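*Asks:* Sharing a structure below in structure tokens format, with a few things to ask.
The values are calculated or read from the model by the stated rules, or taken from the named source; none is laboratory data. Model, not experiment: these values are computed from the prediction. Please note: Cβ atoms are built from the backbone with ideal geometry, for glycine as well, and neighbour counts cover all protein chains shown.
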Amino acid sequence: MPVNEEWDLSPKVLSIDDEAVVCESIRRVLSDEGYDVTTTCDPKEGIELLRNGNFDLLLLDIKMPGLNGMEVLREARATASETEVVIVTGYATIETAIDAIRQGAFDYLQKPVAPDQLLITVARALERRHLLNLTERLRSELETRHRIGGLVCSSPKMQVVMQLVAKAAPTNSTILISGETGTGKDCIAKSVHYNSPRKDNPYVVADCSALNESLLESELFGHVRGAFTGAVRDRKGLVESARGGTLFLDEIATISPQIQSSLLRLLQEREIRPVGADKYVSVDVRLVVATNKDLKELVENGTFREDLYYRLAVFTVALPPLRERIEELPLLAHHFIEKCSKEFDKPIGGIRPRALSALEVHEWPGNVRELENVIERAVLLTDTEFIDIDSLPTILGEHSAIENEDIPEDARALAARKKELRAEAVERLEKLFVIKSLQQARWNVTEAARVVDMQRTNFHALMRKHGVSVPKISDNGEDGAEDTSSTDT
């Protein structure tokens, strides 16, 4: 079994066994497969090697003179906690194995160990270490990256969004958030509120698409007793409930002309009139609104008031879809794995690279919300430590059967469709290639081009072709600033 191709260097293995013939046998079998193997028959020397050697895996005998294996195991957990441990012993019992695993060993093997069994167990132990390191790296990156209201913002496009929100939040300006369904508009609205001077006052949410016109009008502006059948007492609406704070109106494009008129008065005069009332009520509230439609187009169609649009669009924030910031997907996936693991009390350690690759090539029409749902489902289905590809059936096409109208009618149409599919696959691969190269080079374009052995101009051309840009202010300094101006944003 070959060394995992995802490792840049040969994994380092330490074998501690008082039998020299066993050490030599392990060294020979593993070295032939590309592992970097160190052996010792002295457990005390083995502990010193562990402390200074940065080993990926320890193969440890139990019964040895001087120090027994369980003592070495405890020392290994204390001084080299990231090193995986596999017990190799001729004196193994179920009790000993359970005790060793309880104290942190990955697995155990009983002598004499067949070479194939040794290689399989070593590969499994090293894969676990690799996955745990990947998870820890993602966790660390997630903690140091920018977030907005729980939304990961590591891509250049989302960093632009973050900068806009940072400028707008401290003001009282009305904010219009646009973006496809599931991109996180509600998270942006929360961030605006909780980073504003109004953060200690109410944050109130209204879904404008959830109610018909009359019910929404009452819900927003309240009503007085007797205003309609069933109005047995005065009732404050959401606008008054948000007094001194922020009112977030989601799906603003769905409101009727009458409610548009009432909102316009709220923005112009800072007052509302409850349903059935004959007097206006003054209110101090900040409006943040969101839409997944083009309000300018609705204005042109005559279904949305132009004067209200300009009042709402004092400060606009456009959220990019997930497919345009796919480089954030590993961090987002890890974020949702941690969240769902805690919610369901399931100790999921992370996600396997092949499953992550399946996520990265999906188009994500439902954006971040769809990803969260997929991860939640995967956590529920996973019975092992790491999410694997078999827990992602929707990503693999469970509901993507070809419709009849998509099936070509003749050989010429078939050839044309195959050509289109190949072109789409190549474009997707090129974009992922560019993004991965830039991520590994910390968004330094010159370094990314050098590492992948491409001319810088050709690499730039790929970036422009797929709309990939680097942050204006980035870890790579001047190169990032230059590259932003020379690529599409």
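*Asks:* In this structure, does residue 63 turn out to be under 23 Å from residue 99 (Cα atoms), in a loop (DSSP other than H, G, I, E, B), modelled with pLDDT under 90 and not acidic (Asp, Glu)?
*Replies:* Here the answer is yes, as residue 63 does meet what is asked.
*Asks:* Of everything in region 133-163, what is modelled with pLDDT under 80 and aliphatic (A, V, I, L, M)? Give them in sequence order. Spell out the reasoning first.
*Replies:* Filtering region 133-163 for residues modelled with pLDDT under 80 gives 133-154.
134, 138, 142, 148, 151, 152, listed by residue number.
*Asks:* In addition: Given 51, 28, which one is part of a helix (DSSP H, G or I), out of contact with any Gly (no Cβ under 9 Å at 6 or more places or on another chain), under 20 Å from residue 133 (Cβ atoms) and of a type outside the set (A, V, I, L, M)? Spell out the reasoning first.
*Replies:* Values: 28 fails: under 20 Å from residue 133 (Cβ atoms).
Testing whether each residue is part of a helix (DSSP H, G or I), out of contact with any Gly (no Cβ under 9 Å at 6 or more places or on another chain), under 20 Å from residue 133 (Cβ atoms) and of a type outside the set (A, V, I, L, M) leaves just 51.
*Asks:* Taking residue 86 as the residue in question, decide whether it is among the aliphatic types (A, V, I, L, M), in contact with a helix residue (DSSP H, G or I) (Cβ under 6 Å, 6 or more places away or on another chain) and at pLDDT 85 or above.
*Replies:* Details: among the aliphatic types (A, V, I, L, M): yes; in contact with a helix residue (DSSP H, G or I) (Cβ under 6 Å, 6 or more places away or on another chain): yes; at pLDDT 85 or above: yes.
Yes, satisfied.
*Asks:* Those residues that are surrounded by 15 or more Cβ atoms within 10 Å (Cβ to Cβ) and assigned to a loop (DSSP other than H, G, I, E, B), I need them from region 199-226; list them, please.
*Replies:* Correct list: 201, 202, 208, 211, 222, 224.
*Asks:* Within region 323-344, does at least one residue satisfy the condition of being surrounded by 12 or more Cβ atoms within 10 Å (Cβ to Cβ), more than 30 Å from residue 164 (Cα to Cα), at pLDDT 90 or above and of a type in the set (A, V, I, L, M)?
*Replies:* Within region 323-344 (the criterion being surrounded by 12 or more Cβ atoms within 10 Å (Cβ to Cβ), more than 30 Å from residue 164 (Cα to Cα), at pLDDT 90 or above and of a type in the set (A, V, I, L, M)), the answer is no, since none of the residues qualifies.
*Asks:* Right, another one. What single numbered condition from (1) under 31 Å from the mean Cα position of the chain (by Cα); (2) in the same structural domain as residue 209 (by TED's automatic domain parsing) fails to hold for residue 306?
*Replies:* Residue 306 satisfies all of (1) under 31 Å from the mean Cα position of the chain (by Cα); (2) in the same structural domain as residue 209 (by TED's automatic domain parsing) except (1).
*Asks:* Give me a count of the residues in region 91-121 that are out of contact with any strand residue (DSSP E or B) (no Cβ under 7 Å at 6 or more places or on another chain) and in a loop (DSSP other than H, G, I, E, B).
*Replies:* Result for region 91-121: 5.
*Asks:* With surrounded by fewer than 16 Cβ atoms within 10 Å (Cβ to Cβ) and at pLDDT below 85 as the only criterion, which of 393, 347 stands out?
*Replies:* Details: 347 fails: at pLDDT below 85.
One residue alone meets the criteria, 393.
*Asks:* Another one. Cβ-Cβ distance below 7 Å, separation of 6 or more or different chains: which pairs start in region 373-384 with a residue that is assigned by TED's automatic domain parsing to the domain that holds residue 350 and end on one that is among the small types (Gly, Ala, Ser) and surrounded by 13 or more Cβ atoms within 10 Å (Cβ to Cβ)?
*Replies:* 375/333; 378/391; 379/341; 381/391; 382/391
*Asks:* Now, a different point. Could you look through region 351-390, keep only residues that are closer than 27 Å to residue 187 by Cα and part of a loop (DSSP other than H, G, I, E, B), and pick out the one that is modelled with the lowest pLDDT?
*Replies:* Selected residue: 361.
*Asks:* Got a sec? Which of 265, 286, 273 is within 15 Å of residue 217 (Cα to Cα), in contact (Cβ under 8 Å) with a residue 40 or more places away in the chain and assigned by TED's automatic domain parsing to the domain that holds residue 229? So that I can check it myself, show each step before the final result.
*Replies:* Numbers: 265 fails: in contact (Cβ under 8 Å) with a residue 40 or more places away in the chain; 286 fails: within 15 Å of residue 217 (Cα to Cα).
Going through 265, 286, 273 in turn, just one is within 15 Å of residue 217 (Cα to Cα), in contact (Cβ under 8 Å) with a residue 40 or more places away in the chain and assigned by TED's automatic domain parsing to the domain that holds residue 229: 273.
*Asks:* Now, a different point. Taking region 272-303 on its own, how many of its residues are surrounded by 14 or more Cβ atoms within 10 Å (Cβ to Cβ), charged (D, E, K, R) and more than 17 Å from residue 185 (Cβ to Cβ)?
*Replies:* Residues flagged as surrounded by 14 or more Cβ atoms within 10 Å (Cβ to Cβ), charged (D, E, K, R) and more than 17 Å from residue 185 (Cβ to Cβ) within region 272-303 amount to 1.
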